[in-house]
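Enquirer: Encoded as structure tokens, here's the structure I'll be asking about.
The values are calculated or read from the model by the stated rules, or taken from the named source; none is laboratory data. Please read these numbers as outputs of a predicted model, since none were measured by experiment. For neighbour counting, all protein chains shown are included, and Cβ atoms are generated from backbone atoms with ideal geometry for every residue, glycine included.
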Amino acid sequence: MPPTVTVLMTTYHGTTVADLERSVASVTGQTRPPEEFLVVVDGPVPDALDAALAAAAAEHPSVRVERLPRNVGSGLASARGLELATGDLVARHDSDDVSLPTRLERQVRHLEEHGLDLVGSAMLEFRGDPGHVLGVRTNPASHAAIMRRLPLNNPVNNPTSLFRRELALRVGGYADLRYMQDYDLFARMLAAGARAENLEEPLVLFNAGDEMISRRGGWRMLRYEWDLQRRLRAAGVVGVPRMAVNLVVRGAFRLVPGRLLGPVYAALFRRGAREATA
């Protein structure tokens, strides 16, 4: 029997109505629609955004809205969504991103045909308008290459991820981490024996605006980085020497001055727009 799919999305007061409506339309318009589209609302949101969510649920039977009474952060909001999801597979989707029409069809087929537990893809990064593509962000394609990347950086673009819910819950689900809860979850899944691959074609348009860049820098990120590295060590993904190197290298990136963070991010992680759309 084919697996069922839950698309899991979290949203909060900072999401615009236009971004939300565009994002929802990209999921409900999939060539292989999800059986469930679960939206976890992380705390109170403006009336206009709440109305847009209600309208989406009224129009699309698959849309299910779960409202949290207070803002708990992306880690705990994602954890709640994973617990409530009913699908065999969970596809992550950000509330300001766009999934291309064949995303679920391509990923579900690849996961099933190759006996995988986790599938990601490349993603096109845009700013403001999805037509303004900045470049493409890729990750290693094969399982072996993903495992080599794992101690250094997240080897799967979270907004593109599709994974087996049962296995994710078995390793503890999402932790209460800020910004890096996906890396932590994938690391524990892979350490537990999960098989993963990344599709080389971009299947998601990722909103890489100034807010996304600013979230990746600053002194507060050093504490989050320390929490992540401790968890990677506990999972057996890194040892003490690699943990120390990661704290120095990744910590240095977090402290790059704000005006330089965008160019540094682009140089490290993004290929050019011409190559992305070639």
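Enquirer: Which condition number does A57 fail, the rest of (1) touching a residue at least 60 places away in the same chain (Cβ under 8 Å); (2) out of contact with any Gly (no Cβ under 9 Å at 6 or more places or on another chain) being met?
Expert: Only one criterion is unmet by A57, namely (1).
Enquirer: In addition: Could you list, in sequence order, all residues of segment 159-172 that are surrounded by fewer than 21 Cβ atoms within 10 Å (Cβ to Cβ) and either free of Cβ contacts under 8 Å to residues at least 60 places away in the same chain or under 18 Å from D94 (Cα atoms) (or both)?
Expert: L167, R170, V171, G172
Enquirer: Look through E35, E21 and report the one residue that is out of contact with any strand residue (DSSP E or B) (no Cβ under 9 Å at 6 or more places or on another chain) and either without any contact (Cβ under 8 Å) to a residue 60 or more places away in the chain or surrounded by 14 or more Cβ atoms within 10 Å (Cβ to Cβ) (or both).
Expert: On the way: E35 fails: out of contact with any strand residue (DSSP E or B) (no Cβ under 9 Å at 6 or more places or on another chain).
So the residue among E35, E21 that is out of contact with any strand residue (DSSP E or B) (no Cβ under 9 Å at 6 or more places or on another chain) and either without any contact (Cβ under 8 Å) to a residue 60 or more places away in the chain or surrounded by 14 or more Cβ atoms within 10 Å (Cβ to Cβ) (or both) is E21.
Enquirer: Let me spell it out: the conditions are (1) closer than 24 Å to E66 by Cβ; (2) of a type outside the set (S, T, N, Q); (3) modelled with pLDDT of 95 or more, and R148 meets all of them except one. Which number is the exception?
Expert: (1)
Enquirer: Another question, then. Using beta carbons and a limit of 6 Å, which pairs, at least six apart or on different chains, have the first residue in segment 69-80 and touching a residue at least 40 places away in the same chain (Cβ under 8 Å) and in a helix (DSSP H, G or I) and the second one acidic (D, E) and surrounded by fewer than 19 Cβ atoms within 10 Å (Cβ to Cβ)?
Expert: Taking only residues 6 or more apart or on different chains, the pairs are G75/D176; L76/D176.
Enquirer: Do the conditions hold for P3, that is, is it of a type outside the set (D, E, K, R), surrounded by fewer than 16 Cβ atoms within 10 Å (Cβ to Cβ) and touching a strand residue (DSSP E or B) at 6+ places or on another chain (Cβ under 6 Å)? If you could, list the steps in order and put the result at the bottom.
Expert: Numbers: of a type outside the set (D, E, K, R): yes; surrounded by fewer than 16 Cβ atoms within 10 Å (Cβ to Cβ): yes; touching a strand residue (DSSP E or B) at 6+ places or on another chain (Cβ under 6 Å): yes.
For P3, the condition - of a type outside the set (D, E, K, R), surrounded by fewer than 16 Cβ atoms within 10 Å (Cβ to Cβ) and touching a strand residue (DSSP E or B) at 6+ places or on another chain (Cβ under 6 Å) - is met.
Enquirer: Go over the candidates A145, A141 one by one and state the one that is surrounded by fewer than 23 Cβ atoms within 10 Å (Cβ to Cβ), in a loop (DSSP other than H, G, I, E, B) and small (G, A, S). Before you say what the answer is, go through the steps one by one.
Expert: Working: A145 fails: in a loop (DSSP other than H, G, I, E, B).
Among A145, A141, only A141 is surrounded by fewer than 23 Cβ atoms within 10 Å (Cβ to Cβ), in a loop (DSSP other than H, G, I, E, B) and small (G, A, S).
Enquirer: Shifting gears a bit: Examine segment 61-81 for a residue that is under 25 Å from V133 (Cα atoms) and not hydrophobic (A, V, I, L, M, F, W, C), and state whether such a residue exists. Don't jump to the end; show me each part of the working.
Expert: Filtering segment 61-81 down to residues under 25 Å from V133 (Cα atoms) leaves none.
Scanning segment 61-81, I find no residue that is under 25 Å from V133 (Cα atoms) and not hydrophobic (A, V, I, L, M, F, W, C), so the answer is no.
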